[in-house]
1. Send over a whole-number figure in Å² for the accessible area per residue of segment 85-145, probe 1.4 Å.
2. Pop out the ³J(HN,Hα) list for segment 12-27 in order, Karplus 6.51 cos²θ - 1.76 cosθ + 1.60 with θ = phi - 60°, rounded to Hz; leave Gly and Pro as x.
3. Counting only helical runs of four or more DSSP H residues, what would the 222 nm mean residue ellipticity of the chain come to if each run contributes -39,500 (n - 2.57) and the total is spread over all its residues?
4. For a quick check of understanding: with a 1.4 angstrom probe and all protein chains in place, what accessible area in square angstrom does I289 have, to the nearest ten?
5. Give the residues of segment 67-105 whose amide nitrogen is closer than 20 Å to a point set 7 Å from the Cα of F8 in the direction of its Cβ.
6. For S2, tell me the accessible area in Å² from a 1.4 Å probe, rounded to the nearest 10.
7. What order, most packed first, do the peptides 11-18, 183-190, 371-378, 126-133 have when packing is the mean number of other Cβ atoms within 10 Å of each residue?
8. Given a 1.4 Å probe and every protein chain left where it sits, what share in percent of the accessible area of the chain is carbon and sulfur?
Amino acid sequence: MSYQFSKFGHHLGGGSGIGELMDDLGHALASGGPDLKMLGGGQPAHIPEIHAVWRRRLAEILAEAGGVERALTTYDPPSGNPDFLAAIATLLRETFGWDLGPQNVAVTSGGQTAFYFLFNLLAGEMPDGSRRKILLPLVPEYIGYANQGVGGNLFHAIPPIIEKTADHEFKYRVDFEKLTLTPDIAAICASRPTNPTGNVLTDEEIFRLAALAEQHHLPLIIDNAYGAPFPGIIFADATPFWQSHVILTLSLSKLGLPGTRTGIVIGPPDIIRALGSVTAIAGLSNTNIGQQITLPLIQSGEILRLSRELIQPFYLAKCLLARQAAVAAFGDDIDWYMHRSEGALFLWFWFPGLAISSQELYLRLKKRGVLVIPGQHFFFGLADPDWTHRHECIRVSYAMDETVVRDGLRIVAEEVRRAGQHC
Ligand SMILES: Cc1ncc(COP(=O)(O)O)c(C=O)c1O
């Protein structure tokens, strides 16, 4: 027997491009042998020193009076544990001088859920029947946003300026000339550092976006899943940014705790209250464990030291090795560019004039046991779906072992050479 689905059911329950891709990757991973090179996922690396901290904290929770109760056996308030909210507010106030308190902080079940709630709170069908959208000032942008609208497409995206910055290197920049804030825009959103490209919007770009948003009485959403103060996987000289009309999201995932599903939203109090209301309706409350594991690390500031002394250098070293491996693999006979790598876990490659689509390249690589993400998925919300650039790029994670990354890139280069490029 088959049942009828609502519009919500059609939009969210009927699968999605990214859902199919993740399924495909998951099956390839499950059936692939030991030689499989998984360069596709967003899984953070396992850093032994960081794992030791989680083990230590779990042992402390077991030993503390009331530790197990706080971590496992009680419902927290929907917006998050009050001590955790206060600790986050204090950390950000003391680290960056931002004028905020616990009323500006909410916990959600992972950053992904924060975006699902935020986008649907602000955009979609409005009370007067009009529709509003989220403006992406630059794509490619995080694939996880793409299908989150309960009423269908939520995004209006602006193609970037592509600036060649060095030999085999480019950087996407916001094209402010094309960025118009029409009345149907509900908010501006960007990830910084950006998944998939490792781009970090410059301070000037962020100031201009914040000023534009303020001028139009709109929030600016900055997705800080990889940025400062934790996990700090950022290599560019960029100033962390928050103002009273900015919604900044953080997460414990890339710190190494994706299994705890802990997202953190910093924003205006009415947005924070609305998030608490949605959490209560959709899930009663959030998981406590991630908050309890990290609470003393946030209160003491140890989380800053771990990010600065362990996590950032770990990923920077991996990133440098992967970049060297790319230079060795692609050489000078392929026309290739890599986005300037300023943070996050990924390298983003562009092969101008690639004679096959990035989707076909993905399939050929999968047959050879190398899993990457084809680039076209990250260009959602664009008015022109046929822009050739979107079929010439791939995302490669460098969080895996060095040999996996090196061998994977060598095979990518072989397949690009085999496919050829139009001049
Ligand atoms: C840019 C960005 N934002 C948000 C998320 C969501 O992460 P989580 O739900 O694990 O906090 C991710 C995950 O990869 C991401 O890359």
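The values are calculated or read from the model by the stated rules, or taken from the named source; none is laboratory data. Here the structure is a predicted model, which means the values were calculated and not measured. Cβ: placed from backbone, ideal geometry, glycine included. Neighbour counts: every protein chain shown. These accessible areas exclude ligands, DNA and RNA; they are computed on the full protein's heavy atoms, side chains included. Shrake-Rupley method; radii C 1.70, N 1.55, O 1.52, S 1.80 Å.
1. Working: 2220 Å² over 61 residues.
Heavy-atom SASA per residue in segment 85-145 reads 36 Å².
2. Residue by residue, segment 12-27 yields 10, x, x, x, 7, x, 5, x, 5, 4, 5, 5, 4, 5, x, 5 Hz.
3. On the way: 12 runs with 158 residues, N = 423.
The helix contribution divided over the chain gives -12000 deg cm²/dmol.
4. 50
5. Answer for segment 67-105: 78-79.
6. Result for S2: roughly 110 Å² accessible.
7. Put in order of decreasing packing, that is 371-378, 183-190, 11-18, 126-133.
8. The nonpolar share, carbon plus sulfur, comes to 55 percent.
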